[in-house]
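Written below as structure tokens is the structure these notes are about.
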Amino acid sequence: MGVQARAWLDSNGNPVNVNGSNVNINDSGINRLGNPDLTPELVSELELGLEFKLLNNKLGFEASVYKKDAKDQILDQRLDPSAGYTVTAINAGNLLTKGIEIGVNAIPYENDNFRWDFILNFDAYESTVTKLPVDGALFLSGPFSNLGNFAIEGQPFNTMMGQVIQRDDNGNPIVGTDGLYLLQDEIGVIGDPNPDWNSTFINNISYKGFKLSMQWDYTHGGDMYSATANTLLIRGLAGETAFDRSIPLIAPGVFANGNPNNIQISANDHYWENLGNTEFKVYDATSIRLREISLSYSFPEEILNKTPFGNLTISAIGNNLWFKAVNFPDSINFDPSVNSEGVGNSRGFDLLTGPTAKRYGISLRA
Amino acid sequence: MNIKNKISIVLFTLFLVNFSCETTDLNVNENPNSATPESADVDLLLNGTLLDFSKWVSEEDDDNRYGFEAGMRAVRMLHMYGPLYENAFEPGDFDDVWRQAYSGVLIDVKNLKTLASQNDLFHHIGVAQVIESYTLTTLVDYFGDVPYSEGLQGDTGEFNPNVDDDQELYNIALGLLDEAILNLEKPISTSLSSVSDLFYSGDTDKWITLAKTLKSSLIFN
């Protein structure tokens, strides 16, 4: 077939498959087609930074803006299996990332015994697919071929797509003759998992040998597909749905001819069938979190002089003690930082993943 | 510089000249990590084809079970989740039926036929044709018009093959069965190995019976 086997690395240093075969030595039915025309990725980046310190280093300020243009990104394109191959690596267009980072550090008060300092960070970025050589959407990663992160020209990188219901021109859901929402034949955009901005606030307060530190994180925006939250809601297990599920209701929507829906279904059917559709599993993932809090005590030198230790610190640490995803149902206490897809580029999918853990610890450092 | 050092330098230079060239040869034309259509073993490929086919059609695979159960759901042999077709099936439910038929079974059949015909292994060809016919019939039953004549040519850049008429495809499936029977009846020295034929342990008579059964089922379809 004249396909050349070469060792390739993409701009992140990951190996790229350029060769392949259509012989199924297992029963996967996944055949990679080699692409001898593949060219290297090219990333150009422009960054502007600013940094200054004021008031005897008691106030510091850093800011940077950047623009990163990735050309000819190497991505896997899915092929129609009727071509005999299911996947090939292509130079999948351009990705433009613009971002800003701002950091402030300050010591508002300091004397011989007492000191308070804090660091405040802010970052925001936007990645847009500016060119894509394939029509429509390119599957990037995610749980299923009909639910995952896609690249669409003009849209943010990793746009989430999944099954969507049919809607009329005014956005009203269209119901079938059974009073339930109808699905579209093709998958559609269900959300953008990239947060609008992130912020971190780190506070340190020390008095003599004691030191109290805490770190707060805030994430604004970004969508999350949460099977956990939706499963609890549609089954009536969340506090918000603790009502009689056998009461009748008429789902908001219209028939295909434009008349308002008048088919009576039970509340249970409405939650289970209608609100169990993929697009209703997507929530805004804005969240605030107490990432870490610690209290430590360093023994003064006068005491340590009689011991072999030069330095002795005892501290109690708690990680991830409190979080709140403000736009999720209150009773669920969902943590949107979970990711069912594990390590990788996929983002914004929770398929009944276990929650994040709180961690407590005591440490003694000598 | 003594003679010992000179010898070392000469040897080292020879070493560089002799052994460095291999690493600069990047034009390896075949993927060393997988079997290619040229290097595959015909018996193992038959084995893989039958395995693919049985998993595909027997719903053993979780991925395509849902798609294959669809037929039984629509006629209420199985419970259909939702009173309407639109509610019961979602976009993508049939993806795996489609994928495993083409890039699993039919591409293996294609490679198997090419390999077997190079070595005049007519019984292998016959079995491949029976499987191909059965798969094609099933695809038409499910989807109507499907790609066939332009299909499986991704290596020549044909990524979106056009569909063929379903009636025409049934005729092709019938023709394949006729050819399969002829091929399986040919007396040849190297027949199917009893190990690589997972269905009938190399018994060509049983394959012929199957082909005739499929023919009658197609004709009465």
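Couple of notes before you dig in:
- Qualifying residues in the stretch B:83-105 (those that are more than 7 Å from chain A (Cβ to nearest Cβ) and more than 9 Å from residue A:81 (Cβ to Cβ)) - the one surrounded by the most Cβ atoms within 10 Å (Cβ to Cβ): B:105
- Residues in the stretch A:180-200 that are in a strand (DSSP E or B) and either free of Cβ contacts under 8 Å to residues at least 40 places away in the same chain or in contact with a helix residue (DSSP H, G or I) (Cβ under 9 Å, 6 or more places away or on another chain) (or both): A:181, A:183, A:184, A:185, A:186, A:187, A:188, A:189, A:190, A:191.
- Selection status of residue A:363, among the polar types (S, T, N, Q) and either modelled with pLDDT of 90 or more or within 19 Å of the chain's Cα centre (by Cα) (or both): yes
- The set of residues in the stretch B:142-171 being in contact with a Leu (Cβ under 7 Å, 6 or more places away or on another chain), in a helix (DSSP H, G or I) and not hydroxyl-bearing (Ser, Thr, Tyr) consists of B:154, B:155, B:169.
- Qualifying residue in the stretch B:134-148 (condition: among the hydroxyl-bearing types (Ser, Thr, Tyr) and touching a strand residue (DSSP E or B) at 6+ places or on another chain (Cβ under 8 Å)): yes
- Residue within the stretch B:179-189 that is assigned to a helix (DSSP H, G or I) and touching an Asp or Glu at 6+ places or on another chain (Cβ under 8 Å) present: no
- Residue in the stretch A:289-307 that is of a type in the set (A, V, I, L, M, F, W, C) and without any contact (Cβ under 8 Å) to a residue 24 or more places away in the chain present: yes
Let's see how each residue does on (1) at pLDDT 80 or above; (2) over 27 Å from residue B:154 (Cβ atoms):
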site: A:14; (1), (2): no, no
site: A:22; (1), (2): no, no
site: A:32; (1), (2): no, no
site: A:65; (1), (2): yes, yes
site: A:76; (1), (2): no, no
site: A:84; (1), (2): yes, no
site: A:117; (1), (2): yes, yes
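- Among the numbered conditions (1) in a loop (DSSP other than H, G, I, E, B); (2) over 30 Å from residue A:274 (Cα atoms); (3) touching a residue at least 12 places away in the same chain (Cβ under 8 Å), the only one that residue B:93 does not meet is (2).
- Enumeration of residues in the stretch A:260-269 that are in a loop (DSSP other than H, G, I, E, B) and closer than 18 Å to residue A:183 by Cα: A:261, A:263
So that you can scan it fast, the table gives a plain yes or no per residue for (1) within 14 Å of chain A (Cβ to nearest Cβ); (2) part of a helix (DSSP H, G or I); (3) crowded, with 22+ Cβ neighbours inside 10 Å:
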residue	(1), (2), (3)
B:107	yes, yes, yes
B:117	no, yes, no
B:123	no, yes, yes
B:131	yes, yes, yes
B:134	no, yes, no
B:139	yes, yes, yes
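- Verdict on residue A:257 being surrounded by 17 or more Cβ atoms within 10 Å (Cβ to Cβ) and either in a loop (DSSP other than H, G, I, E, B) or not acidic (Asp, Glu) (or both): no
- Selection within the stretch B:150-200 - at pLDDT 90 or above, among the small types (Gly, Ala, Ser) and surrounded by fewer than 17 Cβ atoms within 10 Å (Cβ to Cβ): B:175
- Flag: residue A:351 does not match the condition of being more than 30 Å from residue A:167 (Cα to Cα), of a type in the set (A, V, I, L, M) and at pLDDT 85 or above.
- Taken over the stretch A:109-152, residues that are of a type in the set (Asp, Glu) and within 14 Å of another protein chain (Cβ to nearest Cβ) amount to 1.
The values are calculated or read from the model by the stated rules, or taken from the named source; none is laboratory data. All values derive from a computational prediction rather than experimental measurement. No Cβ is skipped: glycine too gets one built from the backbone with ideal geometry, and neighbour counts run over all protein chains shown.
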